[in-house]
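Q: The structure that follows is given in the form of structure tokens.
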Amino acid sequence: MTPPRSDATTEDVPPDEQSGRDALGTYRSMRDFTRTAEPAGAVPEPTGGPERRFVVQRHRARRLHYDVRFEIDGVLVSWAVPKGPTLDPTARRMAVHVEDHPLEYEAFEGVIPHGQYGGGDVIVWDRGTWHPYKSDDPAAEVAGGQLHAELHGERLRGKFLLVRRDSGDGKDQWLMFHKRDEHAVEGWDAEDHPTSVVSGRTNDEVAAHPDHIWRSGVPAAQAEVDLHPPVPDVPPPTDDELAALDDLGASGTWDVHGRRLRVTNLDKVLFPARDGEAPVTKRDLLRYTACVAPVALPYLAGRALNMHRFPQGAATRGFWHKQLPDHAPDWVPRWDRPDADPGESTTYLVVDEPAALVWAANFGALEWHAWTSRTSAPDLPTYALIDLDPGTATAWEDVVLLARLHRDAFEHLGVRAFPKLTGRRGIQIWVPVAVGSTFDETRAWVERLSRTVGKVVPDLVSWRWEVSERGGQARLDYTQNAVNKTLVAPYSPRASAGAPVSAPISWDELDADWLRPDAFTVRTVLDRVAEHGDLFRGVLDGDQVLPRLT
């Protein structure tokens, strides 16, 4: 499964075989869409009127080239031009006719991950409208071996001609040149203009800090992924909203975060008391959820949520609930998983707004476990995860030691990573990664790193899968780096006495005397956030490429 092929060499660019075939047939034949029901690139109605869109993308794959694409009959008819188009009427540019592309690709600027077909960086070098100036049937012109195109772009203007040449080697090679008109400029070279007309950035700058990637292996409608989706910015509940919750009886209707929610069993104890503390009721949980939702939302939005439900409270046995129930309100955001196998959950809750989290808490979800990939790219992780999972014989001091050793490794590698307390017995470390790495790659990277750390303290660590075979030792669990495997979300409560919270900490706090895994609860963590801010926010900066481990 490959991204659009446009690696401009006459040796490896296949001839276009559009005649008599589906306009996107060649494009589709190079991809496998059997794992999704989504369309493999829509073929919309042609744009009305004589004006059509064109785009030129400067693409650094195995070789630098320019992809010149004309909208014709609902697709982008494309040529790869190694030296780029020119306004110089004395120059002739070789152009290799490649497969048509879906219109979704027209505005793409970003990176096709390396290791994938056509991998490299892409900028929108020019764009605009065009019309055929010799006929009203450009598709027939292409089939006949000539295309007369008048361009109205930001860089390319005037009349161009593309002519098929008989190369004698079976390759679909053409020549592209500019006509002698008022827009012609002798000596004009595309390489004198190496920036994007969209962002003003060069290929180097886009490669260093891409905003989007184009994924292979999925339909065009899903292929482009925004690497920096906006962080939800919502206000906390008002004093009046919180007072309204306090004024409710055992059940009622609560207006909060712009939604009207039916809440029930508000006085039920969900979390038993810890020494010296009062138990935590469902009313307390809903209050906390409404208040923490604006802080937690960036880690939940755009991600499927696996709910760990304890309807009868944390002192009872809970269960995993992934399928969004049919009785969920229509406004609750959701995601239909396209590749769900028979018997698997098909529709997941997605907490794209704070009221959805309050709904989940009222539904008995005491713990919130969001996927480490987004619904827009469920096969591509945004974090690499390290779970320091203590064994029965692992002292808390040993867990902290393992965390400190990882801290030293990250400092040595120059890798940004962020620790948090689990709220139970352990510590987790999240490493933000640029979208494009696979789960296999992040899992292998974490395993190599943790095995290296484990060699420093071999008496503390077991690599056995079964808990009964570990001899009470800790496990450095790298296996959570997989699709639909989750670690508890930042600021999620844990189903234990006192309602502890999985709270982010700083690396320096690993040396604090007060540190323990359940140090913060639903009653205390918001004060900590008010004092120190959100210590985990750095995991949202997903532009980090994991270094090679030797």
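The values are calculated or read from the model by the stated rules, or taken from the named source; none is laboratory data. Computed from a prediction, not measured in an experiment: that's the story for all the values here. For neighbour counting, all protein chains shown are included, and Cβ atoms are generated from backbone atoms with ideal geometry for every residue, glycine included. Accessible surface areas use protein heavy atoms only, side chains included; no ligands, DNA or RNA. Shrake-Rupley method; radii C 1.70, N 1.55, O 1.52, S 1.80 Å.
Q: Given the conditions (1) surrounded by fewer than 20 Cβ atoms within 10 Å (Cβ to Cβ); (2) modelled with pLDDT of 95 or more; (3) within 30 Å of residue 218 (Cβ to Cβ), and given that residue 154 satisfies all but one, which numbered condition is not satisfied?
A: That leaves (3) as the condition not met.
Q: Name the single residue, out of those in segment 427-471 being in a strand (DSSP E or B) and closer than 13 Å to residue 406 by Cβ, that is farthest from the chain's Cα centre (by Cα).
A: The qualifying residue farthest from the chain's Cα centre (by Cα) is 461.
Q: Only one of 510, 515 is in contact (Cβ under 8 Å) with a residue 60 or more places away in the chain, farther than 18 Å from residue 368 by Cβ and in a helix (DSSP H, G or I). Can you tell me which?
A: Exactly one of 510, 515 is in contact (Cβ under 8 Å) with a residue 60 or more places away in the chain, farther than 18 Å from residue 368 by Cβ and in a helix (DSSP H, G or I), namely 510.
Q: Within segment 33-54, identify whether any single residue is modelled with pLDDT of 90 or more and open to solvent by less than 60 Å² (accessible area, probe 1.4 Å), and answer yes or no.
A: Taking every residue of segment 33-54 in turn, at least one turns out to be modelled with pLDDT of 90 or more and open to solvent by less than 60 Å² (accessible area, probe 1.4 Å).
Q: Now, a different point. How many residues does segment 432-473 contain that are under 16 Å from residue 387 (Cα atoms) and at pLDDT 90 or above?
A: Within segment 432-473, residues that are under 16 Å from residue 387 (Cα atoms) and at pLDDT 90 or above number 16.
Q: Take residue 87 and decide whether it is within 19 Å of residue 190 (Cα to Cα), touching a residue at least 40 places away in the same chain (Cβ under 8 Å) and either among the aliphatic types (A, V, I, L, M) or surrounded by fewer than 18 Cβ atoms within 10 Å (Cβ to Cβ) (or both).
A: Taking the combined requirement at face value, the residue satisfies it.
Q: Collect the residues in segment 325-340 that are within 22 Å of the chain's Cα centre (by Cα) and open to solvent by less than 70 Å² (accessible area, probe 1.4 Å), keeping them in residue-number order.
A: 332, 333, 335, 337, 338, 339, 340, listed by residue number.
Q: Go over the candidates 218, 231 one by one and state the one that is in a loop (DSSP other than H, G, I, E, B), open to solvent by 60 Å² or more (accessible area, probe 1.4 Å) and at pLDDT below 85.
A: 231
One line per residue, one yes/no per condition, for (1) open to solvent by less than 10 Å² (accessible area, probe 1.4 Å); (2) free of Cβ contacts under 8 Å to residues at least 24 places away in the same chain; (3) more than 18 Å from residue 493 (Cα to Cα); (4) assigned to a loop (DSSP other than H, G, I, E, B):
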| residue | (1), (2), (3), (4) |
| --- | --- |
| 213 | yes, no, yes, no |
| 235 | no, no, yes, yes |
| 244 | no, yes, yes, no |
| 266 | yes, yes, no, yes |
| 274 | no, no, no, yes |
| 284 | no, no, no, no |
| 311 | no, no, no, yes |
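Q: Moving on to the next point. Of these, 538, 498, which one is assigned to a loop (DSSP other than H, G, I, E, B) and of a type in the set (Gly, Ala, Ser)?
A: One residue alone meets the criteria, 498.
Q: Can I ask one more? Here is a list: 424, 317, 407. Which entry is open to solvent by 30 Å² or more (accessible area, probe 1.4 Å), within 28 Å of residue 446 (Cβ to Cβ) and part of a loop (DSSP other than H, G, I, E, B)?
A: 424
Q: When you look at residue 252, is it closer than 30 Å to residue 497 by Cα and open to solvent by less than 50 Å² (accessible area, probe 1.4 Å), yes or no?
A: yes
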